[in-house]
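Report on the following structure.
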């Protein structure tokens, strides 16, 4: 009996050792870094997804809030609508080589989505200066602390490699920095200076679009947001000479579109002509309407071009001039 017991224990131990050896062979990590670069790139491309700054909410449930037409609740509902399911990508944490190879493809083949909204808007400190004559245009200047505030936490090294980027301004009247938008100039908008300063490292971008979404304000027309945004950014990156203290920083924009957080009849948009590089107005169906002057235009002229009838979509409007 003792001999049988010894043989049984020995057999069990040998079986466990053999099973452990087999499992260790099966759990051996795959030598991914020994694959040819072409095969590694195919794996990376399967995992590519557009980067969002700031990252979208992780909660993707459809949020339906009562009284969501109120200003405070409208922003919450808007953020809930923008939420989208995203994969948790741990590839950047593997090692430096994987990070460099994957980031190179991310910058070349994806669209970076950069959002400015009340959620990440760097609010300037309260203005304690004495009141000035309202007839004089206000020239808001960012404070020293506000100049250093980053809207998007992206390293300059990554910004220099971006090929395609969409910027979305979800803008309220408060973000213009003045109580009356009639008493400021587009070139003096502090937020536009911050955005241009952070985009100055974007050097290799091939397509850069700006979408301006105005959140309604009962005190004044949201058209002012569109006006100041378009006139502040349309000449970005055109020339750094002769621009004075507020020199134009950043790359050239390709397209500027407009929308509201409520219903709108449909606004024309600005796009650069591929051959001449000049701005022109197009309708919602991409028909050319008119050329846009390079210089800053009055707000009344901007509104006229924003809703100018397309002669292709509405031929009867051609003889109404």
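Values quoted throughout were computed directly from the atomic coordinates according to the rules given, and no laboratory measurement underlies them. The model shown is predicted, which means the values in this text are computed figures rather than measured ones. So basically every Cβ, Gly included, is an ideal-geometry build from the backbone, and we count neighbours across all protein chains shown.
Note on 313, 303, 283: ascending count of other Cβ atoms within 10 Å places them as 313, 303, 283, the fewest first. If you plug the beta carbon distance of residue 262 and residue 104 into 1/(1 + (r/R0)^6) with R0 = 56 Å, you get a FRET efficiency near 0.85.
The simple spin-label model puts a point 7 Å past each Cα toward its Cβ; for residue 220 and residue 280 those points are separated by 3.4 nm.
Please state the relative contact order of segment 250-313 as a whole percent: Cα pairs under 8 Å, 6+ residues apart? Walk me through the intermediate numbers first.
On the way: 81 pairs, mean separation 15.4, N = 64.
It comes to 24 percent, rounded to a whole number.
Sort 99, 44 so that the residue with the fewest other Cβ atoms within 10 Å of its own Cβ comes first and the one with the most comes last.
The order, fewest Cβ neighbours first, is 99, 44.
Among 101, 49, the order by Cβ neighbours within 10 angstrom, fewest to most, reads 49, 101.
Based on the alpha-carbon gyration tensor of segment 269-321 and its eigenvalue square roots a ≥ b ≥ c, which shape applies: rounded if a/c is under 1.5, prolate if not and a/b is larger than b/c, or oblate?
Details: a/c = 2.21, a/b = 1.26, b/c = 1.76.
Oblate is the answer for segment 269-321, as a/c is 1.5 or above yet b/c matches or exceeds a/b.
Distance between the 7 Å Cα→Cβ label points at residue 5 and residue 149: 7.9 nm.
The label-point distance for residue 204 and residue 14, in a model that sets each label 7 Å from Cα toward Cβ, rounds to 6.1 nm.
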